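This report refers to the structure that appears directly beneath it.
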Amino acid sequence: AAAAAAAAAAAAATRNLHELFAPPTDINFAGSFQQARAFATGKRRWLLVNVQDVGSFASHRLNRDVFRDDCVREVLKHGFVLWQVAA
């Protein structure tokens with residue numbers, strides 16, 4: 001029982017970390033680069049390309065610290081199209 005409880009706690013901690021460092025899917029364009037470019041052009045917005053290195057903590061920190069910031073999110077929503085891709 002104790003082992004099952006410990007495994008459940010570890011799984012919950014892993015899930016929480018994944019959510020904390022997850023990409024900003026709600027503001028990220030979910031198509032190809034060409035589609036993102038065309039969409040940004042049509043909306044008369046800048047295209048912000050973010051190439052993530054999944055092995056680099058700095059990339060994960062960017063998701064957690066920058067793309068979760070309310071001010072940054074508002075600026076992105078109104079003036080940019082974000083296209084994030086893993087390298």
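The values are calculated or read from the model by the stated rules, or taken from the named source; none is laboratory data. Keep in mind it's a predicted model, so treat the numbers as computed, not measured. Every residue, glycine as well, gets a Cβ built from its backbone with ideal geometry; the counts of neighbours run over all protein chains shown. Surface accessibility is based on the protein's heavy atoms, side chains included, excluding ligands, DNA and RNA. Shrake-Rupley method; radii C 1.70, N 1.55, O 1.52, S 1.80 Å.
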>> Between 0 and 90 degrees, rounded to the nearest ten: what's the tilt of helix 70-79 against the longest Cα principal axis of the chain?
In response: 30 degrees
> Taking H as built 1.01 Å from N, whose amide H comes closer than 5 Å to the amide H of GLN84, not counting residues under 5 places away?
Replying inline: PHE29, ASN50
>> Please report the carbon-and-sulfur percent of the accessible area for the chain; probe 1.4 Å, protein heavy atoms only, DNA, RNA and ligands left out.
In response: 61 percent
>> As I understand it, the value is the acute angle between the Cα axis of helix 2-20 and the longest principal axis of the Cα atoms of the chain; what does it come to in degrees, rounded to 10?
In response: 10 degrees
>> Between helix 33-43 and the chain, what is the angle of the helix's C-alpha long axis to the longest principal axis, kept within 0 to 90° and rounded to the nearest 10?
In response: 60 degrees
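Quick one: putting +1 on the C-beta of Lys and Arg, -1 on the C-beta of Asp and Glu, what dipole do you get for the chain around its Cα centre, in Debye to the nearest 20?
Value, rounded to 20: 320 debye.
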>> Explain nothing, just compute: Karplus ³J(HN,Hα) = 6.51 cos²θ - 1.76 cosθ + 1.60, θ = phi - 60°, for every residue of region 51-64 in order, whole Hz, x for Gly and Pro.
In response: 9, 9, 9, 4, x, 9, 5, 4, 5, 5, 5, 4, 4, 6
> Looking at [x] -0.57, -0.80, -1.11, -1.27; [y] -0.41, -0.71, -1.20, -1.54; [z] -0.68, -0.88, -1.13, -1.25, which value of log10 I(q)/I(0) by the Debye sum over Cα atoms at q = 0.14, 0.18, 0.23, 0.26 Å⁻¹ comes from a calculation on the structure shown?
Replying inline: [x]
> Which Cα, out of SER59, GLN34, ALA5, lies furthest along the positive dipole direction of the chain (beta carbon charges, K/R +1, D/E -1)?
Replying inline: GLN34
>> Counting only other residues whose beta carbon sits under 14 Å from that of HIS60, what net charge do I get with K and R as +1, D and E as -1?
In response: 0
